[in-house]
Amino acid sequence: DRPPSFNAGVLLFNLDTWRTENWDTEMQKVCKINEDRNLWPDFGSQPPLVVLLGGDRFDRLDESKLVSNMGYQPNKDRDINDDKLFLHWNGEKKPWLKGGYYRQIWEPYDVHNCTADNLILELHSVFSRLGLEPESDSCQSKVEKRGRGRRRKKGRTTRESNGLNT
């Protein structure tokens, strides 16, 4: 029986655990072994993360909140709605590449198109909808401390601009 695994494309980390268990150093060790032995030359961060954090060291996200394979299947009738929290472009047709799929959905989240305040509010929304509380100060109060959340594109928030209203 194989131990449980995960797709490294959609991850949430407990940073306190990351720090207390010294995952930086452990990850560097795994990456060094990979570099020396050329174990996984074509798989990016997936193998080292699974080696370090696989088995019983992770919790699964609710898969009903995920839309995946967005870089593989361009014409599939996708159920992308307000219940979905994670959109994963696994596959070769990433939306930031020429000919990438579902570019119109991704563009509002492009780092060149959205503000830090919108990202903070979006993350707060995701954590809340997962039933998680962000650590320390809430994301909303961080935005309020910085000043009112900035708007983009004719006064619409990031989620509003692609039709996925929260």
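The values are calculated or read from the model by the stated rules, or taken from the named source; none is laboratory data. Remember, predicted model here, so these are calculated numbers, not experimental data. Here the Cβ positions follow ideal geometry from the backbone for every residue, glycine too, while neighbour counts run over all protein chains shown. Side chains included, ligands, DNA and RNA excluded: accessible areas come from the protein's heavy atoms. Shrake-Rupley method; radii C 1.70, N 1.55, O 1.52, S 1.80 Å.
Numerical summary
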quantity: Test: residue in segment 95-107 that is more than 17 Å from the chain's Cα centre (by Cα), closer than 22 Å to Val126 by Cβ and in a helix (DSSP H, G or I); calculated: yes
quantity: Failed criterion for Pro41 (all others in (1) over 26 Å from Leu119 (Cβ atoms); (2) modelled with pLDDT under 85 hold); calculated: (2)
quantity: Which listed residue is out of contact with any Leu (no Cβ under 7 Å at 6 or more places or on another chain), surrounded by 14 or more Cβ atoms within 10 Å (Cβ to Cβ), at pLDDT 60 or above and small (Gly, Ala, Ser), from Gly131, Gly91; calculated: Gly91
quantity: Leading residue by the ranking (modelled with the lowest pLDDT) among those in segment 95-120 that are touching a Phe, Trp or Tyr at 6+ places or on another chain (Cβ under 8 Å) and open to solvent by less than 50 Å² (accessible area, probe 1.4 Å); calculated: Asp110
quantity: Residues that are assigned to a loop (DSSP other than H, G, I, E, B) and either surrounded by 13 or more Cβ atoms within 10 Å (Cβ to Cβ) or touching a helix residue (DSSP H, G or I) at 6+ places or on another chain (Cβ under 9 Å) (or both), drawn from segment 75-88; calculated: Arg78, Ile80, Asp82, Asp83, Lys84, Leu85, His88
quantity: Helices (runs of 4 or more DSSP H) lying entirely in segment 1-65 (those with 2 or more residues that are open to solvent by 50 Å² or more (accessible area, probe 1.4 Å) and in contact (Cβ under 8 Å) with a residue 60 or more places away in the chain); calculated: 15-20
quantity: Filter pass, Asn118 being on the phi < 0 side of the Ramachandran plot and in contact (Cβ under 8 Å) with a residue 60 or more places away in the chain; calculated: no
